[in-house]
Amino acid sequence: MKIAIASGKGGTGKTLLATNLASYWSERQSVVLTDIDVEEPNDALFLQLPKIAQEERFKFIPSWDSTRCTLCGQCQEVCNYHAIIQLGTEIMVFDELCHSCYACSELCPAKALPMVPHKIGELTHYHHANLSFVESRLEIGEEQAVPLIAQTHRYVDDHFSKDHVQLFDCPPGTSCPVIEATKHADFVILITEPTPFGEHDVKLAMQTMHQMNKPFGLVINRADVGNSDLLAYCKANTIPVLATIPFDRHIAEAYAQGLLVYEQVPAVKPALDQIIDFLQAFAINQK
Amino acid sequence: MKIAFTTKGTEWNSPMDARFGRTEFIVIYDEETNTLSSFDNRAIENEAHGAGTATSKKLFELKPDVLITGNGPGQNAATVLKKLNVKIFGGAGEMTMKEAYEAYQSSDLAML
Amino acid sequence: MKEIVIISGKGGTGKTSITASFAMLAGAEAVVADCDVDAADMHLLMQPNSVKEESFYSGQLAVIDQDKCIQCGQCAQVCRFDAISVHDDCHVVNPVSCDGCGYCPRVCPADAIKMEERKAGSWYISETKANNRMVHAALDIGAENSGKLVAKVKNEAKALAKQQNVRYILVDGSPGIGCPVQSSLSGANFVVLVTESTLSGLHDLQRVYALVKKFRIKAGCIINKADLNEMVHEQILSFLAMENIHHIADIPFDRTFTDALVAGKTVVELESSLVAQQVKRAWEIIKDLNQSV
């Protein structure tokens, strides 16, 4: 089962939930957690597991073959991203701007722009006991997270069976990277906090999930800080609330040091138990 | 010497534009002929991505010896400008074009 | 006129609350630009009354004219984004997947595909409760933030600032390290980095500062939740010292932020609180730093 952990806005506890749920769940069965928040992957700070594999990830970009080029200029004219330009008698390709659409390469009358691999990030695979952890990290300066997210999904599919519990820590927001990250999920957990910001952003995230036809539920973090409009809203719209996590300075302190909190703060375990129970029941229902 | 400025207008009193890629105008001052010519770059507003490379391509065609700007070009634009062999001076984002030129002449601008 | 951009690599550090507080303190001396378009939340605190609204277009989208289409499938063959599929015997474009590269119209033998401007959202100019104007935007669902939208919001804010002859433009910057945050930084006079005393906070601060450095903009840093972890706090301080970033303020881990938020207020409106005093002092320091820039 694929479970995506997402949130409307950043800083609501996505990393906290993903790392704690993965580690706690793996005490009972095999779990793989994948950090596909590729612009800001932080799960590794909390899971100190032995590394078993590391691979570079690539996208394909055109490479200029000056011996074939006739300097006709068509490549810079077809590129909608300003990723390739002609300067006098030279063609320059801007790796980070290229979206790998292949138009310049395949339309080049002189076949002077063959596509070659270009590194966009790194995927690292860690493993200990029942817990596997896969992290993808975008190179600084690379602008497109989507190809790396898609490749990471493929890596997980190649290495883990469908029956494996698969958790995905997704990017925040509601834009393309989130859609790419959640589109293969069987269930999406949206984590939020009951403040006006949290509520506003999670409602946008819920709309997005609706449009994508994804089943989803909420986890409410720092549940006792805000106004409880959110609970009433979920009830009225029959949106399941999987669990609530209280506001607790000890949680924040453990998190600040890069520790898993369920060992330190007793209130966290029952919340994780509720989430696991819900997801297991959901999986049985799906079958 | 041909000197290029990133600006928000086409005259000596026009304010500089601190941005490179999304600058509104590029003004060229030719010291030999004492003439100003300008290039309207405002269409760049419609480009979602790659403003830096598009503008540096324009600059390549204008072939200045010196570029005076504000924050300085980003990575991609800098790569193109290297090919151009243009000397780049920054920190003039808050000045008028005239002030920027005077600051350049009295070596008050940082070379990037 | 000084353009001050507030950014934080990581979400949840209190960036928007702090920016909104500065907007309250600056009042009519500032124009506010919310460039955190992915999670545009500042309007929840500023109670804006919109006086202008316009649609915003960014990027392109392929559209197939079914009257002209001969269903040859060449477009689907060249598309690297799997955006063209067959429904009821017709080739159609999935707008979510289409990247706007413009390849398919170039290979269509029937000239049936046009690239159209893609509506990405709306932008607004509003009057706020702080007696200033704010430029903000809302993205449509699934639409992507871009340097273009951020540049648009900032340009409108600048034009307003010039027209009203105000001292400051306060920019709530975009998250991450991609194109939008670069566009937020471009043209700025000063950057306020908001971080928190957590390992993730430090990690993301280092990643985002690598960008700021590239633009050679003077920077200061506010450490929120400063007392959460002494060791991380020390690490942040030595990073700031090493990079010559002005340490503007420490703000303790405190519920005041959330309490204010729940009340729809900025922290500085809860005047008696310690946090309000610290945020006020931070704004004074930023004003001082910007006099000498």
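Per residue of A:31-40, count partner chain C-beta atoms within 10 Å of its C-beta, then hand back the mean as an integer.
Values: counts 0, 0, 0, 0, 0, 0, 1, 0, 8, 11.
Going residue by residue through A:31-40 and averaging, the value is 2.
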Seminar exercise, completed: Buried accessible area between C and A, both sides, 1.4 Å probe, in Å² rounded to 100, is 4500
Seminar exercise, completed: For chain C, longest principal axis from Cα atoms; helix C:274-292 axis from its Cα atoms; angle between them, nearest 10 degrees, is 80
Seminar exercise, completed: For A:TYR255, the accessible surface traced by a 1.4 Å probe with all protein chains present amounts, in square angstrom to the nearest 10, to 30
For this session: Calculate the spin-label point distance for B:ASN34 paired with B:ASP65, positioning each point 7 Å from the Cα along the beta-carbon direction, and give it in nanometres.
Result: 1.8
Problem set entry | Stretchable slack from A:THR89 to A:ALA53, in nm (0.36 nm times residue separation minus alpha-carbon distance) | 8.6 nm
Seminar exercise, completed: Whole-percent carbon and sulfur contribution to the accessible surface of region B:2-111 (1.4 Å, no ligands, DNA or RNA) stands at 46
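By average Cβ neighbour count within 10 Å, what is the ranking of C:198-206, C:47-55, B:93-101 from highest down?
On the way: C:198-206: 23.8, C:47-55: 12.8, B:93-101: 20.1.
Sorting C:198-206, C:47-55, B:93-101 by mean packing, highest first, produces C:198-206, B:93-101, C:47-55.
Based on Cβ point charges of +1 for Lys and Arg and -1 for Asp and Glu, what charge dipole magnitude is obtained for the protein assembly as shown about its Cα centre, in debye rounded to the nearest 20? Present the calculation step by step, with values, prior to reporting the outcome.
Details: 62 positive and 85 negative charges, 112 e Å.
Using only the charged Cβ atoms, the result is roughly 540 debye.
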Exercise. Ranked from the most accessible area to the least, with a 1.4 Å probe and all protein chains present, what is the order of A:VAL261, A:VAL116, C:VAL86?
Worked result: C:VAL86, A:VAL116, A:VAL261
For this session: Work out which residues of region B:44-59 lose at minimum 40 square angstrom of accessible surface when the other protein chains are put back, relative to the chain isolated, with a 1.4 angstrom probe, and list them by number.
Result: B:GLU45, B:ALA48, B:HIS49, B:THR53, B:LYS57
Seminar exercise, completed: If one builds a Gaussian network model of chain A from Cα atoms under 10 Å apart, the most fluctuating residue listed among A:GLN166, A:GLN257, A:GLN54 is A:GLN257
Exercise. Which value in deg cm²/dmol, rounded to the nearest 500, describes the helix-derived mean residue ellipticity at 222 nm for the protein assembly as shown, given -39,500 (n - 2.57) per DSSP H run of n ≥ 4 and division by the residue count?
Worked result: -10000 deg cm²/dmol
For this session: Under 4.7 Å Cβ to Cβ, no partner at all: give me those cysteines from chain A, in residue order.
Result: A:CYS69, A:CYS72, A:CYS79, A:CYS98, A:CYS108, A:CYS170, A:CYS176, A:CYS234
Problem set entry | Derived scalar couplings ³J(HN,Hα) [region B:85-98; Karplus, 6.51 cos²θ - 1.76 cosθ + 1.60; whole Hz; x for Gly, Pro] | 6, 9, 7, 10, 10, x, x, 9, x, 9, 9, 8, 4, 4
Seminar exercise, completed: Simple SL model, points at 7 angstrom along Cα→Cβ for A:ALA283 and A:ALA110; separation in nm is 5.8
Seminar exercise, completed: So the FRET efficiency between C:GLU271 and A:ARG249, C-beta based with R0 = 25 Å and rounded to 0.05, is 0.55
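Mean separation of Cα pairs under 8 Å and 6+ residues apart, divided by the residue count of chain A: what relative contact order is that in percent?
On the way: 544 pairs, mean separation 74.8, N = 287.
After rounding, I find 26 percent.
Taking the Cα centre of region A:64-113 as the origin, how large is its charge dipole in debye, to the nearest 20, when only Lys and Arg (+1) and Asp and Glu (-1) carry charge on their Cβ atoms?
Numbers: 2 positive and 6 negative charges, 34 e Å.
Magnitude of the dipole: close to 160 debye.
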Exercise. In region A:115-145, which residues have a backbone nitrogen under 18 Å from the label point lying 7 Å from A:SER30's Cα in the Cα-to-Cβ direction?
Worked result: A:125-135
Problem set entry | R0 of 41 Å, Cβ-Cβ distance B:TRP12-B:GLN75: FRET efficiency to nearest 0.05 | 0.85
Exercise. Roughly how many nanometres apart are two label points built 7 Å out from the Cα toward the Cβ at C:VAL107 and C:HIS247?
Worked result: 5.8
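What is the interface area between chains B and A, defined as buried accessible area summed over both chains with a 1.4 Å probe, reported in Å² to the nearest 100? Write out the running numbers ahead of the final one.
Details: alone 6240 and 13970 Å², together 19080 Å².
Approximately 1100 Å², summed over both chains.
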Exercise. Which of C:LYS119, C:LYS68, C:LYS265 moves most in a GNM of chain C, Cα contacts under 10 Å?
Worked result: C:LYS68
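Take the solvent-accessible surface of the protein heavy atoms, probe 1.4 Å, and return the percent of it on region A:153-287 that carbon and sulfur atoms account for.
50
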Exercise. Looking only at region C:145-189, which residues have a backbone nitrogen under 12 Å from a spot 7 Å from the Cα of B:LEU112 in the C-beta direction?
Worked result: C:186-188
For this session: Straight distance only, please: which lysines reach the Cα of A:LYS203 with their own Cα at less than 19 Å, same-chain residues fewer than 8 apart left out?
Result: A:LYS9, A:LYS14, A:LYS183, A:LYS214, A:LYS235
Problem set entry | Solvent-accessible area per residue, Å², over region A:64-113 with all protein chains present [probe radius 1.4 Å] | 43
Exercise. Looking at chain A, do any whole DSSP H helices span at least 15 angstrom along their long axis by alpha carbon and average -0.5 or above on Kyte-Doolittle, and which?
Worked result: A:14-25, A:146-159, A:268-286
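Could you tell me what percent of the accessible area of region C:111-230 is made up of carbon and sulfur, with a 1.4 Å probe and every protein chain present?
Details: 1620 of 3630 Å².
After summing per-atom areas, the C and S share lands at 45 percent.
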Exercise. If ligands, DNA and RNA are left out, what is the accessible area of A:GLU263 with a 1.4 Å probe, given in Å² to the nearest 10?
Worked result: 110
Seminar exercise, completed: One finds, for C:GLN163 and B:LYS87 with R0 = 45 angstrom and r their Cβ-Cβ distance, a FRET efficiency to the nearest 0.05 of 0.80
Exercise. What aspartates and glutamates sit close enough to B:LYS83 to cross-link, taking a C-alpha to C-alpha distance under 16 Å and skipping anything fewer than 8 places away on the same chain?
Worked result: A:GLU90, B:GLU61, B:ASP65
Seminar exercise, completed: In square angstrom to the nearest 100, the accessible surface buried at the C/B interface, both sides summed with a 1.4 Å probe, amounts to 1500
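Multiplying the sequence separation of C:ILE141 and C:ILE70 by 0.36 nm and subtracting their Cα-Cα distance, what value in nm do you get? Please list the in-between numbers first.
Values: separation 71, 0.36 × 71 = 25.56 nm, distance 3.19 nm.
So the extension gain works out to 22.4 nm.
What percent do you get for the relative contact order of chain B when only Cα pairs under 8 Å and 6+ apart count? Please report the intermediate quantities before stating the final value.
Values: 246 pairs, mean separation 33.8, N = 112.
The value is 30 percent.
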For this session: Could you provide, to the nearest whole Å², the per residue accessible area of region C:187-293 with probe 1.4 Å?
Result: 40
For this session: Choose one answer from A:GLY88, A:GLY226, A:GLY13: the residue with the largest mean-square fluctuation in a GNM of chain A with alpha-carbon springs under 10 Å.
Result: A:GLY88
For this session: Counting only heavy atoms of the protein chains, get the accessible area per residue of region C:84-185 (1.4 Å probe) and round it to a whole Å² value.
Result: 38
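The values are calculated or read from the model by the stated rules, or taken from the named source; none is laboratory data. Because the structure is predicted, anything quoted here is derived from the model rather than measured. Neighbour counts run over all protein chains shown; Cβ positions are idealised from the backbone, glycine included. For the accessible areas, the whole protein counts, side chains as well, though only heavy atoms, and no ligand, DNA or RNA atoms are used. Shrake-Rupley method; radii C 1.70, N 1.55, O 1.52, S 1.80 Å.
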